[in-house]
Amino acid sequence: MAHQISDLFNALSDPTRCTVIEDLCAGPASVSQLYNKHDMALPSFMKHLRKLEEAGLVHSHKTGRTRFFRLNPAALATADAWLTQQRATIARQSGGLDALLMCMANGNRSWRASETANDRISGT
């Protein structure tokens, strides 16, 4: 999972690739439709598309001579789930910090790490 998350965020770390993702939110698009919005050589742009596809953020298929790309919502859901997990961890950790800061502000030096700000407020 860590490798997959790393690949996702590495692919999203480039402004060109983020713009492609934003464009694909509107629906599938051909390479030329995506490329026309960028001021770079086609081979360079194709490297960006390849990076997005390798990370699993987009899928491509060829119809005749035209290659189309579409967004892979499952990959974005994976990134969102990871971010949600990290936010929850930070919130749990900052709850203890909030309690400590509240105690320090009130001059109470008998703070216990197991207490949270909500425990102090509710009196439990």
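What follows draws every value from the coordinates through simple rules; no lab data is involved. From a predicted model like this one, the values you see are computed outputs, not experimental measurements. When we count neighbours, we look across all protein chains shown, and the Cβ atoms used for this are built from the backbone with ideal geometry, even at glycine.
Put a dot 7 Å past the Cα of Ala41, heading toward its Cβ, do the same for His59, and the two dots end up 3.2 nm apart. Would you please state which residues of segment 47-87 a label at Ala26 would reach in this model, taking the label point 7 Å out along Cα→Cβ and a backbone N cut-off of under 15 Å? The answer is 69-71, whose backbone nitrogens lie closer than 15 Å to the label point.
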